[in-house]
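In what follows, a structure is listed as structure tokens, so that the remarks can point back to it.
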Amino acid sequence: MSSVPHRRALIGLVAAFALLVVGVGYSSRVGAAEPSGADRQADLIRQAERAEREERVDNAIRLYGQAIEAAPHARLARRARARIEWLGERSRGGAGPLAALMRMQQLAPGQLTVERLRAFEKEVDGFPPVRVRRESRQLVAEAWFHRLYRPLDAIHAYQKWLAEPGLDRADWQTATMGLALARAKLGDLHASIDALRRAGLGKKAETSFLEVERVARWACPLSFALIAAFVALSLGLGGWRGLSPSRLKQALSPGRLGVGAFAYALPVVLAKLHRPQTWRAMLLLAPASAGLLLLASVMGTGLDAARDRPGLRRLIVALGLLSQIAVGFLALYYSRTLLGMLVSMRALSR
Amino acid sequence: MRLAWLLALAPAIGLPWLWLGCGGGSAGSTGSGGSPSSPLSSYQPKGCSYSVTLPDGLDDPSMGSSGTGADPAPVHVHVSWAGDPASSFAVNWKTGQDTKLTELVYGTDRSAVDAADGAGSGVTLQAGHTFIFGSPLFPTQKARIHEVHVCGVDAGTTYYYKVGGPGHWSAVYDVATGPKPGAAPPFRFAVLGDSRDDPTAFAAIEQKLVSEAPDFQIFTGDAVHTGVNQTDWDAFFEASSGTFHAQDAMARIPFMPVNGNHENLVINYFAQFALPGTMSQGEVADSEGEEWYSFNYANAHFVMLDEQPTGSALDAETQWLANDLAKVDRNRTPWLFAVHHKPTYTASNHSPDLDARKAWQPIYDQYKVDFVLNGHNHVYERSLPIRGFQPGTQDGALAQADSNGAPVNGSGTIYLVAGGAGAPLYGTGTAYYTAHTEKTRNYAIFDIDGTTLKYRALRPDGSAIESFIYTK
């Protein structure tokens with residue numbers, strides 16, 4: 001029997017085995033040397049985000065592009081695409097304006113100063129009229145008003161923002177709202193409310209706030225005046241006699257205190273338990289109403305000067321009633337319940 | 001002979017009718033197909049390891065079918081998770097009441113999905129269920145909702161999908177599944193809440209989120225002003241800011257909410273979101289397990305709570321919370337987040353929820369929860385790290401913090417109030433535990449990369465309220 005075929009088969013087997021060993025070794029070395037697509041993508045995303053923070057916008061866009069190529073269907077590819085779109089759209093005016101905007105956006109609390117904002121505002125005037133300028137105008141206006149509390153500067157900034165070409169409706173409404181609120185801060189409530197209504201913003205919570213403030217401007221002083229007038233007239237007509245110790249003791253009997261506590265304290269407790277959003281209003285309303293009623297009933301026993309003057313008696317009763325209404329209004333206003341009610345009514349009427 | 005022939009033929013004729021009557025032809029379900037005489041109550045979506053249970057009191061609950069009516073176009077499309085974010089997603093949408101098409105096609109090739117009218121090469125069809133619901137307080141506001149659950153998809157992958165049915169498809173959206181649980185690649189999520197009265201403001205923030213591309217968004221409650229008023233929900237889902245529509249974000253960024261006092265656990269809330277739903281003791285019946293729930297994403301665990309229960313229901317929820325956190329493997333998921341609507345530490349308009357603080361803070365402290373995310377107060381407010389209570393009080397004790405007020409080596413829990421996505425803003429206050437507060441519309445972005453967390457709180461104009469880095 002010949003051994004040649006056996007020898008050839010053996011050589012073939014050994015060669016195949018050697019090839020296998022070399023191939024596995026090579027591929028494992030390749031696998032160890034190169035990270036998976038997803039790992040590489042994550043690394044590129046980290047580099048791109050660092051580039052963004054350092055305002056190297058072109059670098060960031062390039063790195064995000066590489067991240068997409070590394071694993072185009074992976075989860076992080078979506079983030080890369082979103083950032084490329086965002087950065088690309090805002091780089092149209094050049095990388096400089098975008099870098100300046102990003103620098104301002106990243107300021108830590110306390111780093112925004114009047115000087116810094118004014119310098120940026122001046123810089124923005126030199127930006128080309130593209131998206132990044134509109135967004136910069138927004139940042140400037142909102143910073144003047146909401147962060148540095150300078151309504152006059154804010155008014156000028158909102159007006160510049162409103163004058164930007166290509167402003168969409170949402171931005172226009174935000175700028176109009178800001179302008180109206182800034183003007184209201186300087187005292188012109190009527191014009192501000194009017195502007196907001198004409199802009200179709202009449203049902204916004206901010207408009208409701210201004211409307212409540214407009215009413216409160218005359219209603220609060222009037223309320224205090226009514227209460228003061230009632231107390232003063234009662235005292236002047238002899239009500240002070242009712243404030244003697246013996247009469248006070250009679251007025252503040254345990255029975256009356258118990259009824260008063262039930263009538264006035266119970267609503268507060270119930271509100272706290274079941275309607276916490278009305279609790280503050282109750283907390284103001286209950287003692288104020290109770291106090292006024294107590295005062296009225298105590299002073300009433302001493303109103304000798306009004307005994308034979310029905311007109312005066314009617315006046316005091318009317319003032320007393322109006323004072324109770326005034327107490328109610330003040331409680332609703334100072335607890336912000338009045339604003340909440342107006343906002344809720346408008347929400348329900350939508 | 002003829003009789004024998006007829007007898008042999010009968011099953012061949014009758015079987016298809018029997019099959020159709022039992023809900024066959026549906027591409028994605030096991031379980032009863034639902035019919036007027038036996039409405040659909042629960043089923044297991046094809047490929048999913050969980051079942052979907054429908055609340056009682058719905059009209060016409062059934063698996064989708066081919067009927068269309070006057071308004072077949074899908075609207076209010078939004079995506080969430082009812083199962084594992086690494087291998088599933090769920091989509092809800094609304095149509096006219098007479099439209100029962102409830103299909104979803106998906107794949108990894110956008111153009112293939114765009115062209116598809118059903119299952120095909122690289123495109124999978126999944127069917128779901130549909131129902132009509134409405135509140136008795138607003139009897140004319142009935143809405144038809146559709147819901148499809150997709151399971152068994154690959155982790156860390158972008159899928160394209162559209163919903164509706166042949167001839168009446170939505171636009172094509174993309175959604176990405178999460179990384180494998182326990183994996184630690186970078187991920188990002190957003191936190192916002194209290195959109196309520198201003199859908200335009202909400203849409204403006206959603207537009208910002210599109211450019212940030214978070215992997216999901218946590219919503220801290222109070223999406224609408226009046227939970228039973230479907231008009232409010234319509235305004236929420238149809239929110240727009242200029243030419244941008246919030247749906248374009250909500251259909252792509254999974255939306256994971258908690259119940260707020262304005263949702264108030266009404267059917268409108270549970271019917272319109274698909275959330276993890278394993279019924280546990282104490283949850284209201286209509287919730288079908290969605291009142292409180294938890295999920296993992298990459299190396300983070302999220303517990304989504306409802307602080308409204310009292311008495312035995314609160315006790316049951318507290319027990320559930322303790323059991324849930326006890327099962328968390330901190331080696332795989334080192335990051336822990338708790339979410340509920342009313343804050344337990346706040347110095348703004350509404351007082352802190354002391355009942356929730358008393359019930360839950362000991363558990364947060366025991367399991368070293370990293371962040372508690374809240375809404376309810378319409379401000380931005382962040383606490384210093386808190387761990388434990390001051391002796392003899394129910395006031396939190398301050399823990400070690402760095403110069404930015406961030407914890408040091410897990411020293412304490414940060415309590416965040418992010419309630420500025422549209423509701424009227426409140427004034428701010430400060431307490432001994434306040435790190436930063438501002439009266440502004442706001443949202444927060446969390447970037448987690450392994451054991452490093454980068455936090456940014458942002459205003460709608462893109463400027464930073466504050467930011468810090470926290471490494472465990």
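Checking B:S211 against (1) within 9 Å of chain A (Cβ to nearest Cβ); (2) in contact with a helix residue (DSSP H, G or I) (Cβ under 6 Å, 6 or more places away or on another chain); (3) part of a loop (DSSP other than H, G, I, E, B): exactly one of these is not met. Which one?
It is condition (3) that B:S211 fails.
Checking B:D461 against (1) within 11 Å of chain A (Cβ to nearest Cβ); (2) in contact (Cβ under 8 Å) with a residue 24 or more places away in the chain, only one condition comes out false. Which one?
Status for B:D461: all satisfied but (2).
Which one of A:S2, A:S28, A:S36 is of a type in the set (S, T, N, Q), at pLDDT 75 or above and farther than 30 Å from A:A100 by Cβ?
Residue meeting the stated conditions: A:S36.
What do you reckon, is A:E121 in contact with a Leu (Cβ under 9 Å, 6 or more places away or on another chain), at pLDDT 95 or above and not aliphatic (A, V, I, L, M)?
For A:E121, the condition - in contact with a Leu (Cβ under 9 Å, 6 or more places away or on another chain), at pLDDT 95 or above and not aliphatic (A, V, I, L, M) - is not met.
State whether the residues of the stretch A:249-268 include one that is basic (K, R), assigned to a helix (DSSP H, G or I) and modelled with pLDDT under 75.
No: zero hits.
Quick check on the stretch B:240-261: of everything there that is within 13 Å of chain A (Cβ to nearest Cβ) and β-branched (V, I, T), which residue is nearest to B:S80 (Cα to Cα)?
The residue in question is B:I253.
Suppose we keep only residues that are under 24 Å from B:H301 (Cα atoms) and away from every other protein chain (no Cβ under 14 Å) within the stretch B:146-180. Which one would you say is surrounded by the most Cβ atoms within 10 Å (Cβ to Cβ)?
B:H149
Looking at A:L167, A:L179, can you tell me which residue is more than 11 Å from chain B (Cβ to nearest Cβ) and either free of Cβ contacts under 8 Å to residues at least 40 places away in the same chain or aromatic (F, W, Y) (or both)?
None of the others qualify; the one that does is A:L179.
So in the stretch B:350-373, with the set limited to residues that are under 25 Å from B:R456 (Cα atoms) and part of a helix (DSSP H, G or I), which one is nearest to the other protein chains (Cβ to nearest Cβ)?
B:Q361
Specify the residue that is surrounded by the most Cβ atoms within 10 Å (Cβ to Cβ); the eligible residues are those in the stretch B:407-435 that are over 28 Å from the mean Cα position of the chain (by Cα) and farther than 27 Å from B:Q366 by Cβ.
B:T428
Mind checking whether some residue in the stretch B:190-198 is modelled with pLDDT of 95 or more, surrounded by fewer than 24 Cβ atoms within 10 Å (Cβ to Cβ) and either under 20 Å from the mean Cα position of the chain (by Cα) or not assigned by TED's automatic domain parsing to the domain that holds B:Q230 (or both)?
no
Residues in the stretch A:152-159: is at least one surrounded by fewer than 14 Cβ atoms within 10 Å (Cβ to Cβ) and not assigned by TED's automatic domain parsing to the domain that holds A:D39?
yes
Evaluate the stretch B:424-446: report whether one residue or more is touching a helix residue (DSSP H, G or I) at 6+ places or on another chain (Cβ under 7 Å), within 10 Å of chain A (Cβ to nearest Cβ), part of a loop (DSSP other than H, G, I, E, B) and at pLDDT below 95.
Looking through the stretch B:424-446, at least one residue is touching a helix residue (DSSP H, G or I) at 6+ places or on another chain (Cβ under 7 Å), within 10 Å of chain A (Cβ to nearest Cβ), part of a loop (DSSP other than H, G, I, E, B) and at pLDDT below 95.
Residue-wise test of (1) closer than 24 Å to B:I469 by Cα; (2) away from every other protein chain (no Cβ under 13 Å); (3) buried (at least 20 other Cβ atoms within 10 Å of the Cβ); (4) touching a Pro at 6+ places or on another chain (Cβ under 7 Å).
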position: B:E317; (1), (2), (3), (4): no, yes, yes, yes
position: B:P343; (1), (2), (3), (4): yes, yes, yes, yes
position: B:A347; (1), (2), (3), (4): no, yes, yes, no
position: B:H376; (1), (2), (3), (4): no, no, yes, yes
position: B:R382; (1), (2), (3), (4): yes, no, yes, no
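Do any helices (runs of 4 or more DSSP H) entirely within the stretch B:216-327 hold 3 or more residues that are under 22 Å from A:A170 (Cβ atoms), and if so, which?
B:230-237, B:247-250
If I ask for residues that are within 10 Å of chain B (Cβ to nearest Cβ), farther than 24 Å from B:F187 by Cβ and not in a helix (DSSP H, G or I), which ones from the stretch A:73-109 would you list?
Result: A:L107, A:A108, A:P109.
The values are calculated or read from the model by the stated rules, or taken from the named source; none is laboratory data. A quick note: this is a predicted structure, and the numbers were derived from the prediction, not measured. Ideal geometry is used to build each Cβ from the backbone, glycine not excepted, and the neighbour counts take in all protein chains shown.
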